[in-house]
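A.B. asks: Sharing a structure, written as C-alpha cells. Questions coming.
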C-alpha cells in the first residue's frame with residue numbers, strides 16, 4: 001500500500017539521520033510513522049485548528065481558538081466557542097473527521113494522504129476530509145463504495161496505531177469522584 005507521508009514524519013526522519021541515529025531501517029511502516037490524526041506539523045493541532053463541530057452547524061467551518069481547546073485522543077482540538085467545545089466533549093467520535101482526517105478517497109484507493117480541512121464532505125452525519133477537490137468529486141460518485149473500501153484499508157492500518165481512549169458517556173454531567181474506587185456510602189436512613 002502506497003502512502004503519502006506528512007511533513008512532520010519526514011522532518012522527524014531527517015532529524016534522526018542528522019543526529020547520527022542513522023536512516024530509518026527498512027521500509028516505512030505505519031506503526032511508527034503514521035499518526036492516527038492529521039495534525040499541523042508546527043502546532044500539533046488537529047484539522048489545522050478548525051472547529052470540528054462547526055462543520056455540522058455552519059455553512060463554512062470556523063477557525064477554532066486556543067482559548068477553547070480540548071485534548072482528546074492525545075491531540076489538541078480547537079473550537080470557535082465554549083458551546084461547541086462542550087458538544088464535542090459529549091460525543092467526540094460524532095464530530096471528529098473520519099479516518100483521523102486522512103483523505104477518504106485516497107484511503108479507498110489503498111494509500112494514505114493527509115486530508116485538507118477545507119476540502120470536506122458530510123455523509124450520513126460523518127465528516128470526511130480530502131486532499132483535493134478532485135478526490136472529493138471522485139468520492140461523491142459512489143460514497144457508499146468509497147466508504148466501504150476506505151474502512152477496509154483503515155481497519156488494517158489502524159491495527160498498528162495506538163487505540164482511541166474510551167469516551168465517557170457524558171463527562172460534563174458525571175458525578176464528582178469520591179477519591180476512591182469504592183462507591184460512596186448510602187445516605188443514613190431515618191430511624192423508626
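A.B. asks: Determine, from the Cβ-Cβ distance of residue 58 and residue 132 and an R0 of 25 Å, the FRET efficiency 1/(1 + (r/R0)^6), rounded to the nearest 0.05.
C.D. replies: It comes out at approximately 0.65.
A.B. asks: Full extension from residue 161 to residue 111: what is 0.36 nm times the residue separation minus their Cα-Cα distance, to one decimal in nm?
C.D. replies: Values: separation 50, 0.36 × 50 = 18.00 nm, distance 1.59 nm.
Between residue 161 and residue 111, full extension yields an extra 16.4 nm.
A.B. asks: Label-point separation (nm) for residue 67 and residue 82, each offset 7 Å from Cα along Cα-to-Cβ?
C.D. replies: A separation of 1.0 nm, rounded to one decimal place.
A.B. asks: Based on the mean of other Cβ atoms within 10 Å per residue, sort peptides 124-133, 148-157 so the most packed one is first.
C.D. replies: With the highest mean Cβ count within 10 Å placed first, the list reads 124-133, 148-157.
A.B. asks: What number, in percent, do you get for the relative contact order of segment 31-95 if the mean sequence gap of Cα pairs under 8 Å and at least 6 apart is divided by its residue count? Display every interim value, and only then the final one.
C.D. replies: Working: 98 pairs, mean separation 18.1, N = 65.
Across segment 31-95, relative contact order equals 28 percent.
Just so you know, all these numbers are worked out from the coordinates, no wet-lab data involved. All figures in this text were calculated on a predicted structure; none of them were measured in a lab. Cβ atoms come from the backbone with ideal geometry, glycine included; neighbour counts cover every protein chain shown.
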